Amino acid sequence: VGGMGAKWLYQLRSSPGQQTSTLHLFDRFESLGAKKVCKWKAQISLYKKHADKQYPGVPVDKGALDVFMIQFPTDAPDKCYLVARQGEEDKVLESGTGLQNIWAVMNSSNSSQPLFDQRTALTVDGWAYRLGDFVMRVGSVVIRGLA
């Protein structure tokens, strides 16, 4: 599904005692005349620079690299993206999914010195809707902390 480059994230929160779900949003979009286009999914993992366990009192460098591994299995199943953030600068690497295997070997607990520890994993799962020229992606986010 192609679309404009503008993107927003809207967080839906329920009032106390009220339950809200993405199904409510799906119904609202359809009542406005939006057409369900396709399912979509995003998987994101956050990695932080590995703390050296040999020196437990030594803090990790504050300017250390944060790395996000991002996949869009429904849109680009053969690609993954690595976003490296250090300070105010982001660098993006687009690669084939083989990068995940290399990354896993580099950072496995069996490795003598893993470079990064996985901290958080997010999965976004939902539907894309088209209304005129606009494509809206609505989904639920599942966050898994891995400290």
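Rule-based calculations on the coordinates, nothing more; no lab input. Keep in mind that this is a model prediction, so the values were computed, not measured. All Cβ positions, glycine included, derive from the backbone under ideal geometry; neighbour counts span all protein chains shown.
Per residue of region 118-134, what does 6.51 cos²θ - 1.76 cosθ + 1.60 with θ = phi - 60° give for ³J(HN,Hα)? Whole Hz please, x for Gly and Pro, Karplus curve as stated.
Using θ = phi - 60°, the values come out as 6, 9, 9, 10, 10, 10, 10, 9, x, 10, 9, 10, 10, 9, x, 8, 9 Hz.
What's the extension gain from residue 121 to residue 26 if we count 0.36 nm per residue and subtract their Cα-Cα distance?
31.7 nm
What does the convex hull of the Cα atoms come to per residue for region 66-147, in Å³?
Numbers: hull volume 10.8 nm³, N = 82.
Per-residue hull volume (Cα only) is 132 Å³.
Between residue 141 and residue 81, what is the FRET efficiency for a Förster distance of 22 Å, r being their Cβ-Cβ separation, to the nearest 0.05?
0.80
Hey, can you grab everything whose amide H is under 5 Å from the amide H of residue 40? Only 5+ residues off in sequence or another chain; H modelled, so Pro and N-termini drop out.
126, 127, 128
List every residue whose amide H lies under 5 Å from the amide H of residue 135, counting only residues 5 or more places away in sequence or on a different chain, with H placed 1.01 Å from N in the peptide plane.
4
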